[in-house]
Amino acid sequence: AEASAAAKFIEDKFKPDLIMVHGPLVNPAAPYGTPGFPKFTEALSQELFPFSDQSEWEEKDRHFVSLYQKICQFIDASDIPCVGVIERSAVKKPQVITYHLKKMSEQKIISKKTMRDYLEILDERYLSDRTIFSILLKSGEWIEPAIISAQGDEGKWPNEWKSVIRRFPDALTSYVKSSEEGEPFRIQMTEGHNFDHWIGDLLVNTARLLPSYNFPVGLDIVDKFAKVPAWMSKGIKGQHAKVLML
């Protein structure tokens with residue numbers, strides 16, 4: 001729903017310079033490819049992706065995996081950058097650091113043995129990207145983005161959806177630190193865009209508007225006014241569990 005809303009802003013007559021989404025922009029789709037997971041109705045499918053004539057779509061085109069892939073691809077192909085800003089990252093493994101270590105090894109800046117030694121230390125001590133960048137980054141700095149697949153291990157993808165999941169854009173991932181006291185927050189764009197300097201500056205300065213908050217304040221304001229009621233969340237969570245267990 002958030003990716004769909006971002007796509008609609010891309011087509012809005014008042015063209016924004018940047019779109020920010022609270023949370024990841026590209027999420028893993030494979031879990032929704034479980035057999036029996038229901039498809040969207042024609043009406044809802046058209047509401048979520050109104051950018052093409054769906055009259056000739058097959059039923060599988062209205063499945064979550066297929067529809068979400070189309071939305072992500074639409075965002076990736078647009079001229080307007082869209083940024084997912086993640087406040088509390090659940091990623092434990094040092095994906096961005098691993099990307100840069102491998103890149104440095106390929107460019108002969110460090111040896112393959114040095115790369116392996118560093119990765120081994122990170123793994124042994126359970127060090128995440130956020131832990132390392134909270135020390136390395138100074139206020140107002142960010143790390144050069146890494147290209148990371150948000151879809152995980154292909155071996156765990158449902159066979160029926162492998163060809164669709166392969167078409168998801170990779171995630172351009174970085175960490176931004178707005179103040180010395182605060183932890184860096186993770187940002188995610190699609191690979192078709194560049195993380196330009198003005199985007200980093202905008203994220204840093206909007207995260208400085210509230211003292212000791214260290215997160216873009218506009219997203220916090222919107223989030224407080226867009227809360228889903230607890231009774232609805234619990235109901236939907238229960239239905240998801242039921243479908244997955246069946």
Would you call residue 173 of a type in the set (Ser, Thr, Tyr) and in contact (Cβ under 8 Å) with a residue 40 or more places away in the chain? yes
What are the residue pairs meeting all of these: first residue in the range 6-27, first residue on the phi > 0 side of the Ramachandran plot, second residue open to solvent by 60 Å² or more (accessible area, probe 1.4 Å), Cβ atoms under 9 Å, and 6 or more apart or on different chains? 23/2
Of the residues that sit in the range 163-222 and are within 27 Å of residue 29 (Cα to Cα) and surrounded by fewer than 15 Cβ atoms within 10 Å (Cβ to Cβ), which one is farthest from the chain's Cα centre (by Cα)? 163
Would you mind stating whether residue 97 is of a type in the set (A, V, I, L, M, F, W, C) and either in contact with an Asp or Glu (Cβ under 7 Å, 6 or more places away or on another chain) or in contact (Cβ under 8 Å) with a residue 60 or more places away in the chain (or both)? yes
Inside the range 223-240, the number of residues satisfying the requirement of being surrounded by fewer than 10 Cβ atoms within 10 Å (Cβ to Cβ) and either closer than 21 Å to residue 144 by Cβ or of a type in the set (D, E, K, R) (or both) is 2
Selection from the range 114-131 of residues touching a helix residue (DSSP H, G or I) at 6+ places or on another chain (Cβ under 7 Å) and open to solvent by less than 40 Å² (accessible area, probe 1.4 Å) yields 115, 122, 129
With open to solvent by 10 Å² or more (accessible area, probe 1.4 Å) and under 23 Å from residue 198 (Cα atoms) as the only criterion, which of 52, 78 stands out? 78
Residue under question is residue 61, and the condition is that it be acidic (Asp, Glu) and modelled with pLDDT under 90; does it hold? no
Select the helices (runs of 4 or more DSSP H) contained entirely in the range 1-107, then report the ones holding at least 3 residues which are among the small types (Gly, Ala, Ser). 2-10
Provide a single number: the residues in the range 94-136 that are in contact with a Ser or Thr (Cβ under 7 Å, 6 or more places away or on another chain) and charged (D, E, K, R). 2
I want to confirm something. Restricting to the range 111-136 and keeping residues that are in a loop (DSSP other than H, G, I, E, B) and modelled with pLDDT under 95, which single residue is nearest to residue 185 (Cα to Cα)? 128
For residue 144, work out the one condition from (1) within 30 Å of residue 63 (Cβ to Cβ); (2) surrounded by fewer than 15 Cβ atoms within 10 Å (Cβ to Cβ) it doesn't fulfil. (1)
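The values are calculated or read from the model by the stated rules, or taken from the named source; none is laboratory data. All of these numbers come straight from a predicted model, not from anything done at the bench. Please note: Cβ atoms are built from the backbone with ideal geometry, for glycine as well, and neighbour counts cover all protein chains shown. Accessible surface areas use protein heavy atoms only, side chains included; no ligands, DNA or RNA. Shrake-Rupley method; radii C 1.70, N 1.55, O 1.52, S 1.80 Å.
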